Amino acid sequence: MFKKNTPAVSSITDLEPIVSMHEKIDQKVNEKIVPKIIIDGKEYLIDDLSEAAKNQLGSLRATNAEIARLEALLAMLKTASMAYARAAKEELDKQ
């Protein structure tokens, strides 16, 4: 199971960096992630916002998602348009 020439752990001190790394990972896992938003360079905690502000942010997210969806649709339609134009030109060149 072990690779050849793999150094074995010779003492507890050899394990200290590994244990330390695992402790840091455990700390990161146990930290509470606090949702924040940055607007015009100022950071706001979502939990501290009024309901009206939270509603506005929800509307902003929904609007931005719809814009992204429509931009993707527009890109697809532009690609299709170019393909149809190319196919039409090929058909016209045959005449």
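So which residues in the stretch 60-70 are over 23 Å from I38 (Cβ atoms) and not basic (K, R), if there are any at all?
Scanning the stretch 60-70 gives a single hit, L70.
Of everything in the stretch 43-73, what is more than 19 Å from the chain's Cα centre (by Cα) and among the charged types (D, E, K, R)? Give them in sequence order.
E43, D47, D48, E51, K54
No lab work stands behind these numbers, since they all come straight from the coordinates. Since we're looking at a predicted model, the values are computed, not measured. Reconstructed Cβ throughout: ideal geometry from the backbone, glycine too, with neighbour counts over all protein chains shown.
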